[in-house]
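Written below as structure tokens is the structure these notes are about.
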């Protein structure tokens with residue numbers, strides 16, 4: 001049997017196409033992109049070797065520093081809020097709605113599948129101030145608050161970006177975390193209930209510790225996605241006003257394709273890759289420590 | 001006749017055993033529904049938050065430019081301005097964008113599924129040295145940001161003359177879809193008992209035959225799920241499409257929509273909202289349609305064992 005399952009020809013025929021495509025279009029470009037960091041120029045004008053110039057320039061560039069800071073801010077704020085909100089929704093599905101939650105779950109999941117570009121254009125209009133107030137500003141007016149030019153400064157634009165991404169992703173994290181809650185054995189909950197535990201202490205002492213693994217994988221999943229944010233910001237603010245909402249991904253894109261600086265763009269891409277690697281490792285390590293403690 | 005008359009009588013006489021009769025403990029019922037009130041209010045608020053923007057979007061797509069500029073944002077459209085849709089479809093070039101998206105998505109999805117399932121099978125069911133390492137190499141691809149591969153690919157497509165066609169999209173989508181697909185398929189194949197392939201071999205099937213006629217059909221439902229996930233990744237992608245669509249008639253639906261306002265002099269709200277609507281509700285319809293298929297497939301699989 002071993003001999004049949006180890007059929008060399010079958011292994012080659014089944015694996016080779018995928019491996020060749022993956023190596024040629026993903027692995028090789030990753031390596032070549034790292035090599036680009038040592039060059040200046042682009043595909044059209046040709047390349048020139050400059051050594052570590054790109055990397056030293058990147059360390060000193062205030063634009064890169066701002067984009068890095070924005071990326072971290074966005075990543076941390078969105079990860080905490082979307083996993084938190086998703087967890088709240090999951091608790092709601094599991095303990096308040098119970099069986100009746102299927103329809104609600106499906107409806108709240110809708111925004112997840114919608115194209116980001118379309119949602120961003122919709123949110124631009126929801127929050128617009130000129131030539132006509134959007135839904136949000138006119139609602140504020142009802143409560144006697146003046147219209148806000150949401151996209152006029154970085155702070156309020158950041159708020160809109162976060163709100164939109166929460167709107168888009170909360171339903172997804174809710175379902176993800178809900179499946180984790182389903183695994184909590186009913187008899188543990190029942191015996192705690194019989195012992196007179198309050199809803200809060202049940203969540204604090206039983207539900208939370210037992211759903212820690214799925215919570216942590218959600219965090220890893222989320223931080224990895226949010227650090228690579230591109231679509232929602234490009235379509236909503238395009239990095240503006242100025243570069244106040246420009247993350248590393250967008251800065252890399254503009255550097256490479258608007259200014260044709262491939263070497264510098266590749267350096268920013270490398271920084272981005274290292275960043276997501278570091279975050280993943282950091283959460284993995286803290287996860288292991290926490291698990292031994294609980 | 002007699003049976004239909006006896007049903008209501010029986011219901012009154014003996015309420016269904018699973019649920020306690022309603023009239024027995026009214027005080028507890030009232031308290032229970034009161035304690036559920038905050039939850040229900042919360043759910044209503046959440047549903048409003050999710051659905052209101054979508055309803056507003058749909059209503060907005062029927063408004064005239066004049067209603068947009070001079071009316072209240074809360075006002076209902078005075079009539080159905082269907083010309084917004086034809087405007088978006090033709091002048092706004094949504095027709096071209098949708099066609100381009102389909103041309104890019106269908107072949108990539110097909111390749112992702114065929115290559116990914118085969119590789120998942122080779123990595124999980126077949127036994128050979130180094131297969132765990134190869135699986136790990138595929139896994140690494142999940143974490144790499146798209147920005148890390150764009151520049152070399154752009155250079156390569158430019159040098160081989162593929163720029164100016166939809167090939168760069170098809171090739172890039174296929175490759176970026178593979179890591180997750182291979183990983184997921186390997187996980188699904190783990191659950192398939194090895195004895196099935198032994199039996200197929202004893203019956204004289206080669207390994208390739210038993211992959212095509214035994215292995216593949218056994219994970220059919222998983223394939224549907226993976227294809228659905230990948231479809232939405234590709235259909236909704238902006239980064240890769242934005243990088244490799246060098247001319248306006250190659251734009252996919254997302255890139256097209258992003259540049260939509262530019263097609264007209266000033267913002268034409270009606271056609272813009274019609275364009276967003278086509279994208280949003282089209283995608284939602286596809287999701288509901290495919291999701292039902294997947295659910296049906298899963299249920300069918302469960303019944304058949």
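The values are calculated or read from the model by the stated rules, or taken from the named source; none is laboratory data. No experiment lies behind these values; they were computed from the predicted model shown. Positions of Cβ are generated from backbone atoms using ideal geometry, with glycine treated the same way; all protein chains shown enter the neighbour counts.
Pick out the one residue from A:160, A:129, A:148, A:113 that is under 19 Å from residue A:222 (Cα atoms), without any contact (Cβ under 8 Å) to a residue 40 or more places away in the chain and surrounded by 14 or more Cβ atoms within 10 Å (Cβ to Cβ). If you could, list the steps in order and put the result at the bottom.
Values: A:160 fails: without any contact (Cβ under 8 Å) to a residue 40 or more places away in the chain; A:129 fails: under 19 Å from residue A:222 (Cα atoms); A:148 fails: under 19 Å from residue A:222 (Cα atoms).
Answer to the check: A:113.
Taking the stated definitions as given, is residue A:220 part of a loop (DSSP other than H, G, I, E, B), more than 30 Å from residue A:132 (Cβ to Cβ) and out of contact with any strand residue (DSSP E or B) (no Cβ under 6 Å at 6 or more places or on another chain)? So that I can check it myself, show each step before the final result.
Working: part of a loop (DSSP other than H, G, I, E, B): no; more than 30 Å from residue A:132 (Cβ to Cβ): yes; out of contact with any strand residue (DSSP E or B) (no Cβ under 6 Å at 6 or more places or on another chain): yes.
Answer is no for this residue.
Return the residue satisfying two criteria in turn: it lies in the range B:85-103 and is buried (at least 18 other Cβ atoms within 10 Å of the Cβ) and within 14 Å of chain A (Cβ to nearest Cβ), and of such residues it is nearest to residue B:224 (Cα to Cα).
B:101
Could you figure out which of (1) closer than 16 Å to residue A:170 by Cβ; (2) within 14 Å of chain B (Cβ to nearest Cβ) isn't true of residue A:77?
(2)
Go through (1) in a helix (DSSP H, G or I); (2) at the interface with chain A (Cβ under 10 Å from one of its Cβ atoms); (3) in contact (Cβ under 8 Å) with a residue 24 or more places away in the chain; (4) under 30 Å from residue A:11 (Cβ atoms) for residue B:135 and report which single condition fails.
It fails just one condition, (2).
Would it be correct to say that residue A:40 is out of contact with any strand residue (DSSP E or B) (no Cβ under 8 Å at 6 or more places or on another chain) and either in a loop (DSSP other than H, G, I, E, B) or farther than 28 Å from residue B:142 by Cα (or both)? Walk me through it before giving the result.
On the way: out of contact with any strand residue (DSSP E or B) (no Cβ under 8 Å at 6 or more places or on another chain): no; either in a loop (DSSP other than H, G, I, E, B) or farther than 28 Å from residue B:142 by Cα (or both): yes.
So residue A:40 fails the test.
Just wondering, is there one or more residues in the range B:190-202 that are surrounded by 14 or more Cβ atoms within 10 Å (Cβ to Cβ), within 11 Å of chain A (Cβ to nearest Cβ) and modelled with pLDDT of 90 or more?
No.
Among the residues of the range B:126-139, is any farther than 30 Å from residue B:248 by Cα and surrounded by 20 or more Cβ atoms within 10 Å (Cβ to Cβ)? Lay out the reasoning, then the answer.
As a first pass, look at the range B:126-139 and keep what is farther than 30 Å from residue B:248 by Cα: B:126-139.
Then drop every residue that is not surrounded by 20 or more Cβ atoms within 10 Å (Cβ to Cβ), which leaves B:126, B:138.
Yes, the range B:126-139 contains a residue that is farther than 30 Å from residue B:248 by Cα and surrounded by 20 or more Cβ atoms within 10 Å (Cβ to Cβ).
Of all residues in the range A:1-18 being touching a helix residue (DSSP H, G or I) at 6+ places or on another chain (Cβ under 7 Å) and modelled with pLDDT of 85 or more, which is nearest to residue B:145 (Cα to Cα)?
A:18
Please determine whether any residue of the range A:57-64 is facing another protein chain (nearest Cβ under 7 Å) and either outside any helix (DSSP H, G or I) or under 30 Å from residue B:215 (Cα atoms) (or both).
Filtering the range A:57-64 for residues facing another protein chain (nearest Cβ under 7 Å) gives none.
Taking every residue of the range A:57-64 in turn, none turns out to be facing another protein chain (nearest Cβ under 7 Å) and either outside any helix (DSSP H, G or I) or under 30 Å from residue B:215 (Cα atoms) (or both).
Would you pick out the residues in the range A:86-106 that are facing chain B (nearest Cβ under 10 Å) and either touching a strand residue (DSSP E or B) at 6+ places or on another chain (Cβ under 6 Å) or surrounded by fewer than 17 Cβ atoms within 10 Å (Cβ to Cβ) (or both)?
A:88, A:95, A:100, A:103, A:106 - these are the residues of the range A:86-106 that are facing chain B (nearest Cβ under 10 Å) and either touching a strand residue (DSSP E or B) at 6+ places or on another chain (Cβ under 6 Å) or surrounded by fewer than 17 Cβ atoms within 10 Å (Cβ to Cβ) (or both).
Only one of (1) in a loop (DSSP other than H, G, I, E, B); (2) within 8 Å of another protein chain (Cβ to nearest Cβ) is not met by residue A:30, so which one is it?
It is condition (1) that residue A:30 fails.
Kindly indicate the residue of the range A:235-248 that is within 10 Å of another protein chain (Cβ to nearest Cβ) and in contact (Cβ under 8 Å) with a residue 24 or more places away in the chain and also nearest to the chain's Cα centre (by Cα) among those meeting that condition. Lay out the reasoning, then the answer.
Taking the range A:235-248 and keeping what is within 10 Å of another protein chain (Cβ to nearest Cβ), we get A:235, A:238, A:248.
In the following step, the residues that additionally are in contact (Cβ under 8 Å) with a residue 24 or more places away in the chain were identified as A:235, A:248.
Numbers: A:235: 16, A:248: 13 Å.
Filtering first and then ranking leaves A:248.
Name the helices (runs of 4 or more DSSP H) wholly within the range B:213-305 that hold at least 3 residues that are surrounded by fewer than 21 Cβ atoms within 10 Å (Cβ to Cβ) and modelled with pLDDT under 85?
Details: elements: B:220-235, B:239-244, B:253-258, B:260-263, B:269-304.
Because the criterion is at least 3 residues that are surrounded by fewer than 21 Cβ atoms within 10 Å (Cβ to Cβ) and modelled with pLDDT under 85, the helices (runs of 4 or more DSSP H) in the range B:213-305 that meet it are B:260-263, B:269-304.
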